[in-house]
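*Asks:* A single structure is presented below for examination.
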Amino acid sequence: MEVRNLFIQQPFATMLVRGLRNAVFDDNFSEGCRIFIYALPCFMMSDVPLEWFQAVNNHQLFGNLPPTADLPNGKCVGFVDVLCKADGTESQWTAISEPTVLLTNAHEFDTPQGNEPRSWYDADVIPSHVFHFNLPYALYHDDDLVIHVNEKFYRFATNGGNISFELTGSLAVCALDDDGLLRDFERFTVICGQQSKSFLWNKGCDIIWEQRPNDDELVLYPSVFNKSGKAPRAKLLLSCNYPLNS
């Protein structure tokens, strides 16, 4: 098996080994190649495409990623395997028309390793695990939007505060209808570990758009999907003022 090393900044290194990011730019990676992921000791969230920023933000709210400052760096954090080559249209993580490889078999090391080069047998010798992440889902027959959240966000919601998420990815698929309009659910449920609480879907649940101060114009951000290269930032606002269960 061919083995390569990829040095990439956080939070994207951890996202790769947790299966939260499924593609990287092609650096002459061959199909079936194993890539060991090294987290660079710096964090890159400025000047990234809107979709990348939104995905990172949501995964932190869903409990799939710790705060950026708590992520390991300067270490080998796990490995992925190359599934196949692509042209960039199959993933939000690469620009259209850019040479891309899609990834599979993501494993995170139980303990981040040193920065020395890895060989193929390290994947079997070093204890690792498959990370099981949470994504929002809709129970249409129960008229319920279900969202896993981290502990801090759960406490905020159950104390009656409004919560908001980036309206993108799987959340957008669940929450929007075929016309791109917000579905009118009966309720929404937030889950944290073994705890859950449901709230009445009400007029406080809405799509909010980021606008310029004192102006009606939407703020546009660099985008990997929009043909113009820019896209507005949409968020889903959920009002937690009407709990349905104790």
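*Asks:* Rounded to the nearest 5, what % of the DSSP beta bridges within the chain are antiparallel ones?
*Replies:* Here the antiparallel bridges make up roughly 75 percent for the chain.
*Asks:* Sticking with this one: Using only the C-alpha atoms of region 121-246, find the volume of their convex hull and express it per residue in Å³.
*Replies:* Once divided by residue count, the hull of region 121-246 is 196 Å³.
*Asks:* Given the pairs Lys85/Lys197; Lys197/Lys235; Lys75/Lys197; Lys75/Lys152; Lys85/Lys230, which span a C-alpha to C-alpha distance of over 32 angstrom in this model? Write out the running numbers ahead of the final one.
*Replies:* Values: Lys85/Lys197 43 Å; Lys197/Lys235 21 Å; Lys75/Lys197 38 Å; Lys75/Lys152 27 Å; Lys85/Lys230 27 Å.
Long pairs (Cα-Cα over 32 Å): Lys85/Lys197; Lys75/Lys197.
*Asks:* Run through every distinct alpha carbon pair of region 56-142 and return the Kirkwood hydrodynamic radius in angstroms, one decimal place.
*Replies:* About 15.7 Å, per the Kirkwood formula over Cα pairs.
*Asks:* Express the accessible area of the chain per residue in Å², computed with a 1.4 Å probe while the remaining protein chains stay in the model.
*Replies:* Numbers: 12620 Å² over 246 residues.
The answer is 51 Å² per residue.
*Asks:* Considering the Cα trace of region 187-246, what is its radius of gyration and what is Dmax, both in angstroms?
*Replies:* 16.4, 48
*Asks:* Cα convex hull of region 1-112: mean projected area in nm², to one decimal?
*Replies:* 6.6 nm²
*Asks:* Ignoring ligands, DNA and RNA, what percent of the 1.4 Å accessible area of the chain is carbon and sulfur?
*Replies:* So the carbon and sulfur contribution to the accessible surface is 51 percent.
*Asks:* Something else about it: Could you state the angle between the C-alpha long axis of helix 50-61 and the longest principal axis of the C-alpha atoms of the chain, as a value from 0 to 90 degrees rounded to the nearest 10?
*Replies:* 80 degrees
*Asks:* Now, a different point. Would you compute, from DSSP H runs of 4+ residues alone, the mean residue ellipticity of the chain at 222 nm, taking -39500 (n - 2.57) per run and dividing by the full residue count, rounded to the nearest 500?
*Replies:* -4000 deg cm²/dmol
*Asks:* For Lys197, Lys203, write out the residues from largest to smallest accessible area, computed with a 1.4 angstrom probe and no ligands counted.
*Replies:* Ranked list, largest accessible area first: Lys203, Lys197.
*Asks:* So for the chain, what percent of the C-alpha to C-alpha distances run longer than 24 Å?
*Replies:* 52 percent
*Asks:* Also, quick follow-up: Any idea which of Ile163, Leu145, Val56 is furthest toward the positive side of the dipole for the chain, if Lys and Arg beta-carbons carry +1 and Asp and Glu beta-carbons -1?
*Replies:* Ile163
The values are calculated or read from the model by the stated rules, or taken from the named source; none is laboratory data. Being a predicted model, the structure only gives us computed values, none of them experimental. Please note: Cβ atoms are built from the backbone with ideal geometry, for glycine as well, and neighbour counts cover all protein chains shown. Accessible surface areas use protein heavy atoms only, side chains included; no ligands, DNA or RNA. Shrake-Rupley method; radii C 1.70, N 1.55, O 1.52, S 1.80 Å.
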